[in-house]
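The values are calculated or read from the model by the stated rules, or taken from the named source; none is laboratory data. Keep in mind it's a predicted model, so treat the numbers as computed, not measured. All Cβ positions, even for glycine, are placed from backbone atoms using ideal geometry, and neighbour counts span all protein chains on display.
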Amino acid sequence: MREKNVKFIIDYLKSYYPMEFIFGLLGNISVETANTFDPKTVQKGKKDKNGKNYTNDTYMFAVLNGDTNFVLDGVGWGLNQTTSAGRKGRFVDFVGDMRKMGDFATQLEWIKHEITLTGFANVRMAIRDNWNIADCAEIICKEYERPASMQKDEETKKKAIQTRIDRALAIYEEFKNYYNDGKEEVNLVKSPLTNITMLSPNNSGLRKYKLTRFVPHCTAVSVTAKRIGEIFEKPSRNASCNYGIGNDCKIVCVVEEQNRSWCTSSAWCDNGAITVECSSSNVAPYKFDDGVFDKLVELGVDICRRHGINKVIWIPDKKTALAYECKEGEIILLVHRWFANKACPGQWMMDRMQTLCDRMNNALNDNTAPMDGTAKQDGTPSTIKYTVKMGDTLSKIASAYGVTVEQIMATPQIPPIKNKNMISVGQVINIPVNDVYHIVNKEDKLTSLSKIAKAYGITLAEIKKLNPQVKAPLYIIHVGDKIRVK
């Protein structure tokens, strides 16, 4: 019955709402109906006039028989467990004939109607801008459902929201193929990291060339992701990008990945590129916020993984870079200023192109860990500490670090992870890795073996032994060198 109910909701709503919103709503309905998705669900523990707990059928009978006042009795009921007299009264006015109150389609029509009312502006924005599943589940909980748990302390609120997000993501995994009419999902159109989708008409359709270029840009103004989408949705703008990263650290998809954006002033470049507009300051050197740069790295890594790319290349010399032919599994970083008389992506980003390259390669290389990797004694697996963010799942985290969910579950955690589908925002998870490396770059100023050894908590003698390729007696290292620290 549960599966039939979920499929009914999907079938009824898929013509009206984006997939992300439907599954965000299903996550909330799952919690409210004890995972039954039954439109007649009644709040357990509420008693009838004989002192017995109502069941779904006895409550319906009591309402229709006049034994209880549906509007005033405070009994939670239906797909969204309506309890307040105001909302119940509006439902009665909407339905008209109370014999229809338990009808599935009637309740879904009521939910659709209620969302259009004043007070749910952000819910409607989630639908319009195609927010991701986690963000939809959160805003539905906070603004539309508003369960009693949201009126309590902050920790209780966070748990209530996270529970709904986890349910939504789990239901998506269970029913995604049904939503797609049984077709196997192909996630190459846009990144799953996308928060908002605002597709621009300014594109040339399918790219002519294989994806071998990744081009970051600066907006030269500090703007949100939504504003980036608004800028490019106007045909008169005559420009676009594949993605935008706002000062709110959200990602907007403007042109789907398989299509050519109008971004670098070069048809040749755009036809083989993913282009990313990044919110920046409005004056030179057009600095990005740290969160924007981190999101650029995360997005770049996700794109590479989904397109089978395992190596990122940065060549500072324009002539050499444009002449370079990428091999299988490679992508090269290019910049707008090489194709037009523009400062883009700004000197701040130009000074960090090597860092972008290093950090992306760090994440793509199974034997590479970021700077917070902890080198341990031989025989003990090394770990990386990862703090869970909104929208994360254990499988998503495992994929990002090239390990399995089972490997993470088997790694000692504080607190222990008892259910792979239940992790919380802010929770610190130990990610197992094997050998740990540091990629030499100018940005972190770790320009010698002794400085790297100190940063990773090992001795100079140990790091020399681990890196026989760095020759005595000077032990000179260069930007881009991969130094083993465990």
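In this structure, does E114 turn out to be of a type in the set (D, E) and under 30 Å from N421 (Cα atoms)? Show your work before the answer.
On the way: of a type in the set (D, E): yes; under 30 Å from N421 (Cα atoms): no.
When the stated conditions are applied, E114 does not pass them.
Please find, among I397, I423, the residue that is assigned to a loop (DSSP other than H, G, I, E, B) and under 24 Å from K157 (Cα atoms).
The conditions single out I423.
Kindly check whether there is at least one residue in the stretch 432-440 that is at pLDDT 80 or above and acidic (D, E). Steps first, please.
Step one: of the stretch 432-440, the residues at pLDDT 80 or above are none.
The answer is no; no qualifying residue exists.
Does Y286 satisfy the condition of being of a type in the set (S, T, Y), at positive phi and out of contact with any Lys or Arg (no Cβ under 7 Å at 6 or more places or on another chain)?
Values: of a type in the set (S, T, Y): yes; at positive phi: yes; out of contact with any Lys or Arg (no Cβ under 7 Å at 6 or more places or on another chain): yes.
Yes: the conditions hold for Y286.
Quick check on the stretch 7-27: of everything there that is part of a helix (DSSP H, G or I) and among the charged types (D, E, K, R), which residue is nearest to the chain's Cα centre (by Cα)?
Among them, the one singled out is E20.
Could you pull out the residue among I9, I22 that is of a type outside the set (F, W, Y), in contact (Cβ under 8 Å) with a residue 40 or more places away in the chain and farther than 19 Å from D103 by Cβ? Talk me through it step by step, then tell me what you get.
Details: I9 fails: farther than 19 Å from D103 by Cβ.
Answer to the check: I22.
Please specify each residue of the stretch 195-248 satisfying the condition of being in contact (Cβ under 8 Å) with a residue 24 or more places away in the chain, of a type in the set (V, I, T) and not in a loop (DSSP other than H, G, I, E, B).
I196, T197, V215, I228, I245
Can you report the number of residues in the stretch 39-63 which are surrounded by 14 or more Cβ atoms within 10 Å (Cβ to Cβ) and in contact with a Lys or Arg (Cβ under 9 Å, 6 or more places away or on another chain)?
6
Taking the conditions exactly as written (assigned to a helix (DSSP H, G or I), touching an Asp or Glu at 6+ places or on another chain (Cβ under 8 Å) and in the same structural domain as Y16 (by TED's automatic domain parsing)), does C141 satisfy them or not? Steps first, please.
Values: assigned to a helix (DSSP H, G or I): yes; touching an Asp or Glu at 6+ places or on another chain (Cβ under 8 Å): no; in the same structural domain as Y16 (by TED's automatic domain parsing): yes.
For C141, the condition - assigned to a helix (DSSP H, G or I), touching an Asp or Glu at 6+ places or on another chain (Cβ under 8 Å) and in the same structural domain as Y16 (by TED's automatic domain parsing) - is not met.
If you check every pair at least six apart or on different chains, which have Cβ atoms under 7 Å apart with a residue in the stretch 269-291 that is in the same structural domain as L333 (by TED's automatic domain parsing) first and a residue that is of a type in the set (D, E) second?
Close Cβ pairs satisfying both conditions: I274/E257.
Out of the stretch 323-360, which residues are surrounded by fewer than 17 Cβ atoms within 10 Å (Cβ to Cβ), modelled with pLDDT under 90 and in a helix (DSSP H, G or I)?
The answer is A323, and nothing else.
Inspect the stretch 179-192 for any residue being within 22 Å of the chain's Cα centre (by Cα), modelled with pLDDT of 90 or more and not in a loop (DSSP other than H, G, I, E, B) and give the result as yes or no. Steps first, answer last, please.
As a first pass, look at the stretch 179-192 and keep what is within 22 Å of the chain's Cα centre (by Cα): 179-180, 184-192.
With modelled with pLDDT of 90 or more added as a condition, the list becomes none.
No - not one qualifying residue is present in the stretch 179-192.
Quick one: would you say A225 is modelled with pLDDT under 90, on the phi < 0 side of the Ramachandran plot and touching a Gly at 6+ places or on another chain (Cβ under 7 Å)?
On the way: modelled with pLDDT under 90: no; on the phi < 0 side of the Ramachandran plot: yes; touching a Gly at 6+ places or on another chain (Cβ under 7 Å): yes.
No, not satisfied.
To keep it simple, each residue is scored yes or no on (1) charged (D, E, K, R); (2) over 22 Å from Y17 (Cα atoms).
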| position | (1), (2) |
| --- | --- |
| N50 | no, yes |
| M60 | no, yes |
| K100 | yes, yes |
| T106 | no, no |
| E109 | yes, no |
| K112 | yes, no |
| T118 | no, no |
| D129 | yes, no |
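Kindly provide the set of residues from the stretch 64-115 that are among the charged types (D, E, K, R), surrounded by 16 or more Cβ atoms within 10 Å (Cβ to Cβ) and part of a loop (DSSP other than H, G, I, E, B), ordered by number.
If the condition is that a residue be among the charged types (D, E, K, R), surrounded by 16 or more Cβ atoms within 10 Å (Cβ to Cβ) and part of a loop (DSSP other than H, G, I, E, B), then D73 is the only one that fits.
If D294 meets every condition in (1) among the charged types (D, E, K, R); (2) within 24 Å of A225 (Cβ to Cβ); (3) at pLDDT 90 or above; (4) surrounded by 15 or more Cβ atoms within 10 Å (Cβ to Cβ) apart from one, which number is that one?
(4)
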